[in-house]
Amino acid sequence: MEFALSEEQCLLQDSVRRFLEQNSPLDKVRLAAGNTHTVQRSLWAGASELGIPGMLIPEDFGGMGLGFLDAAIVYEMFGRYVAPLPFLGTAVMAPLALMLAGSEAQQEKWLPKIAAGEIIAGVAVTESIGVREDAGVKAGKGTLTGKVLFVIDWAEADLYIVADSDHGLHLVLPGAKGLSRRALDTIDKTRSVGELVFDQVSAEPLPRSSADAVARVIDAGRVMLAADTLGAGQMMIEKSVAYAGERKQFGRVIGSFQAVKHLCAEMAAALEPSRSLVWYAAHALDEVPGDARLMACHAKSHLSEVGRFVARTATEVHGGMGFTDLLGLHYWFKRIGFDRQLLGGPELVRLEAAHLQGWAA
Amino acid sequence: MKPTLRGEVVWCQGYSEPGSGSDLASLQTRATVDGDDFVINGQKIWTSTAHEADMIFCLVRTEPDKPKHEGISYLIFSMKTPGIEVRPLTTMTGHAEFNEVFFTDVRVPKTQIVGQRGQGWFVANATLKHERGMLGDPVAMETRFQALVDLMHEETVDGQRAIDNPIFRDRLVRLQAELAAMKFNGLRLLTSASKGEDPGLARLIVKLQSCELTHQISALAIDVMGELGVLYDDSPYLRSHGSWQWGYMFQLGLIIGGGTAQIQKNIISERGLGMPREPKLAK
């Protein structure tokens, strides 16, 4: 029994690191951020060549059949390079929903297309966590009515997976009659979310839907958001250390002042143990079902707190430059901010964790 | 080694001195050579278990003319050696968890040195690594956390249990997530150690984070108890034998001892992140 990444996992992470370093440098991210609700097709095609969209999908359906820990260390790299790609919904939450709740026919129809990187799959589960703005959809006979907010990977989706207010999951096609769509613009321009409004829209239920299936899709999403924050936070620390080693004031590099060094040490001390928590939470999704939900809550809430601390502190280490658009540090700041708010903020997630342990009525 | 492993020999550590805390390498306790012996004069402080120890491992200055890090040697000797006086050091907790140890012409055979003369600093750094690891024991933290969970199920205000108060409960779960991170970090360290790898930052952050987390666990317990949280000694209505207030105070000592939080941050930033060292003052 080892608590470490395997050699294969290190290689996987390195290959994704190299891919993003070469193909998604900051100037490309800036361009993509100007078109948030447009899928970066060539970058996604490159990721597809690495097998990324199908990493969780079984080999029978053309995927790689890997586990959540593999997905988490890949998404960590996406966070590290603020990659403007539809990974969370398309490569993680949608395939998981289809695998848990879909019929064989639905799986055969959609999973190979996702695995090949041919389609984008949006996921609407926000209202299963908390309802705002009177959102939520009711299922009728083969139809959905209502609205959903913060649909993940909303832009240019070829398929939406939508949770109704009774734990049912449904497939909805973007061209369906009675469906209207509206983009939601967030601080994070590297990922697209939006709203779907349903007026008697025809939808295909996933026949094995259950409250547990919806919850597991959310658990997986939470662990991925935690992994994204881990990668983004790690990069912010590295950028801070590098900047503090170059920037001079009072005749010294500012990194030689304890006031600055200690900020960096505090960031590293907070982030480093959370790496192990993300690993375990992702591992538990596959291997330790009894621990999975609680650990997904812990990973999500803890990385949200650590992420917020690292994001603001790293910005302070960069001084005025950190506050400008020139360095682009704000892309990481905003990525971490987005990760915190989606799929349940820390207070809400901790309340869930309390419920899971019988600590809340 | 074997009697120590069997628990038959109790050791204490003679490192810190009144004038040498964070700057441990400036220590002044002298050992001069006289025939086949070292003769030791000076004072140590913060010496846990000195009052019951059989043996001491002790840093002494043997080469006063060398730079401070190169003039230190590491000696081991019996606490029954003539010339050693142990005085208990009462702390803010009201108890004497530490001692002061005074050496007056203490004669120790030259063969009691570990390593060579002037290499004591390197030997000491090896043991400090373990001290800092021990101060961050996740199992001990889990025990305290579980005691806090129990407390929150027992304590009530206006008939409401603390666990049913959403603000206290949120703080509890927040600490639980931090504890989970430290526990899995500990498992990661174990795997690295078993492979002979240096885990780098994952090890360097343990003392800083764990001592803070332990302190926060005690702080929440005190807050949960409200007015009862200030009770101490043998007071009526005292909870858990006063261990939460004792812990809150003693654990602040642990944040300071074994390398203060600020020294830990220097270590993390310099050794872990490769940031520049403090510029040396011109001599």
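The values are calculated or read from the model by the stated rules, or taken from the named source; none is laboratory data. Since the model is a prediction, treat every value here as computed from it, not as a measurement. Quick reminder, even Gly has a Cβ in these numbers, built from the backbone with ideal geometry, and neighbours come from all protein chains shown.
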Item to check | Residue, nearest to B:Arg174 (Cα to Cα), within segment A:342-361, restricted to residues that are more than 9 Å from chain B (Cβ to nearest Cβ) and outside any helix (DSSP H, G or I) | outcome: A:Gly345
Checklist entry - How about segment B:8-18: which of its residues are surrounded by 12 or more Cβ atoms within 10 Å (Cβ to Cβ) and more than 14 Å from B:Ile72 (Cα to Cα)? => result B:Val9, B:Val10, B:Trp11, B:Cys12, B:Gln13, B:Pro18
Item to check | Count of residues meeting criterion [farther than 19 Å from A:Ala270 by Cβ, assigned to a helix (DSSP H, G or I) and not aromatic (Phe, Trp, Tyr)] in segment A:311-336 | outcome: 5
Next on the checklist: Here is a list: A:Gly320, A:Gly328, A:Gly290. Which entry is of a type outside the set (A, V, I, L, M), in the same structural domain as A:His262 (by TED's automatic domain parsing) and in contact (Cβ under 8 Å) with a residue 24 or more places away in the chain?
Outcome noted: A:Gly328
Checklist entry - Across segment B:86-101, what is the number of residues that are under 15 Å from the mean Cα position of the chain (by Cα) and either part of a strand (DSSP E or B) or closer than 19 Å to B:Met55 by Cβ (or both)? => result 2
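Can you find, within segment B:172-184, the residue that is nearest to B:Leu208 (Cα to Cα) among those that are in contact (Cβ under 8 Å) with a residue 24 or more places away in the chain and touching a Lys or Arg at 6+ places or on another chain (Cβ under 9 Å)?
Per the criteria, the residue is B:Gln176.
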Item to check | Single residue of segment A:239-256 satisfying the filter (within 9 Å of chain B (Cβ to nearest Cβ) and without any contact (Cβ under 8 Å) to a residue 12 or more places away in the chain) that is farthest from A:Ala72 (Cα to Cα) | outcome: A:Arg252
Checklist outcome for this item: Pairs returned, first residue in segment A:121-148 that is more than 11 Å from A:Leu169 (Cα to Cα), second residue that is among the aromatic types (Phe, Trp, Tyr) and in a loop (DSSP other than H, G, I, E, B), beta-carbon separation under 6 angstrom, 6 or more apart or interchain, are A:Gly122/A:Trp154
Checklist entry - Residues in segment B:102-154 that are within 18 Å of the chain's Cα centre (by Cα) and among the aliphatic types (A, V, I, L, M): how many? => result 9
Item to check | Within segment A:1-96, helices (runs of 4 or more DSSP H) holding 1 or more residues that are touching a His at 6+ places or on another chain (Cβ under 8 Å) and within 30 Å of B:Asp198 (Cβ to Cβ) | outcome: A:68-80
Checklist entry - Limited to segment A:172-202, what total is found for residues that are in contact with a Pro (Cβ under 8 Å, 6 or more places away or on another chain) and in a strand (DSSP E or B)? => result 1
Checklist outcome for this item: By residue number, the members of segment A:272-310 that are away from chain B (no Cβ under 11 Å), surrounded by fewer than 24 Cβ atoms within 10 Å (Cβ to Cβ) and assigned to a helix (DSSP H, G or I) are A:Asp286, A:Glu287, A:Pro289, A:Gly290, A:Ala292, A:Arg293, A:Arg308, A:Phe309
Item to check | For B:Glu270: the one exception among (1) touching a residue at least 24 places away in the same chain (Cβ under 8 Å); (2) within 25 Å of B:Leu128 (Cβ to Cβ); (3) acidic (Asp, Glu) | outcome: (1)
Checklist entry - Mind checking which residues of segment B:48-73 are among the β-branched types (Val, Ile, Thr) and farther than 20 Å from B:Arg107 by Cα? => result B:Thr49
Item to check | Verdict on B:Leu273 being within 13 Å of another protein chain (Cβ to nearest Cβ), over 20 Å from B:Trp46 (Cβ atoms) and in contact with an Asp or Glu (Cβ under 7 Å, 6 or more places away or on another chain) | outcome: no
Checklist entry - Is it the case that segment A:110-122 has a residue that's under 20 Å from the mean Cα position of the chain (by Cα) and within 14 Å of A:Leu342 (Cα to Cα)? => result no
Checklist entry - Counting only residues that are touching a residue at least 40 places away in the same chain (Cβ under 8 Å) and under 13 Å from B:Phe168 (Cβ atoms), how many does segment B:218-233 have? => result 6
Checklist entry - Mind checking which residues of segment A:99-108 are assigned to a helix (DSSP H, G or I) and surrounded by 24 or more Cβ atoms within 10 Å (Cβ to Cβ)? => result A:Ala101
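A quick yes/no check of all residues on (1) under 21 Å from B:Ala261 (Cα atoms); (2) in contact (Cβ under 8 Å) with a residue 40 or more places away in the chain:
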{"residue": "B:Asp137", "(1), (2)": "yes, yes"}
{"residue": "B:Asp150", "(1), (2)": "no, no"}
{"residue": "B:Glu154", "(1), (2)": "no, no"}
{"residue": "B:Ala162", "(1), (2)": "no, yes"}
{"residue": "B:Asn165", "(1), (2)": "no, no"}
{"residue": "B:Leu189", "(1), (2)": "yes, yes"}
{"residue": "B:Glu197", "(1), (2)": "no, no"}
{"residue": "B:Leu201", "(1), (2)": "yes, yes"}
{"residue": "B:Leu204", "(1), (2)": "yes, yes"}
Item to check | Test result for A:Asp339, in contact with a Leu (Cβ under 8 Å, 6 or more places away or on another chain), assigned to a helix (DSSP H, G or I), farther than 26 Å from B:Leu175 by Cβ and more than 8 Å from chain B (Cβ to nearest Cβ) | outcome: no
Next on the checklist: Suppose we keep only residues that are more than 8 Å from chain A (Cβ to nearest Cβ) and out of contact with any Lys or Arg (no Cβ under 7 Å at 6 or more places or on another chain) within segment B:196-211. Which one would you say is surrounded by the fewest Cβ atoms within 10 Å (Cβ to Cβ)?
Outcome noted: B:Gly196
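Here's the yes/no breakdown for (1) aromatic (Phe, Trp, Tyr); (2) more than 24 Å from A:Glu127 (Cβ to Cβ):
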| position | (1), (2) |
| --- | --- |
| A:Ser301 | no, no |
| A:Gly307 | no, yes |
| A:Arg312 | no, yes |
| A:Gly320 | no, yes |
| A:Phe333 | yes, yes |
| A:Val349 | no, no |
| A:Ala353 | no, no |
| A:Gln357 | no, yes |
Next on the checklist: Checking the conditions here, which among B:Phe168, B:Phe184 is over 20 Å from A:Ala296 (Cα atoms) and either more than 8 Å from every other protein chain (Cβ to nearest Cβ) or surrounded by 14 or more Cβ atoms within 10 Å (Cβ to Cβ) (or both)?
Outcome noted: B:Phe168
Next on the checklist: Which of the numbered conditions does A:Ile187 fail, given that it passes all the others? Conditions: (1) of a type in the set (Val, Ile, Thr); (2) touching a strand residue (DSSP E or B) at 6+ places or on another chain (Cβ under 6 Å); (3) within 25 Å of A:Ala232 (Cβ to Cβ).
Outcome noted: (2)
Next on the checklist: Looking at segment A:336-352, I want the residues that are outside the structural domain of A:Val125 (by TED's automatic domain parsing) and have a partner that is among the acidic types (Asp, Glu) and not in a helix (DSSP H, G or I) with Cβ atoms under 8 Å, at least 6 apart or on another chain. Which pairs are those?
Outcome noted: A:Gly337/A:Asp188; A:Phe338/A:Asp188
Checklist entry - Being among the acidic types (Asp, Glu), at pLDDT 95 or above and outside the structural domain of A:Gly67 (by TED's automatic domain parsing), is that true of even one residue in segment A:166-180? => result yes
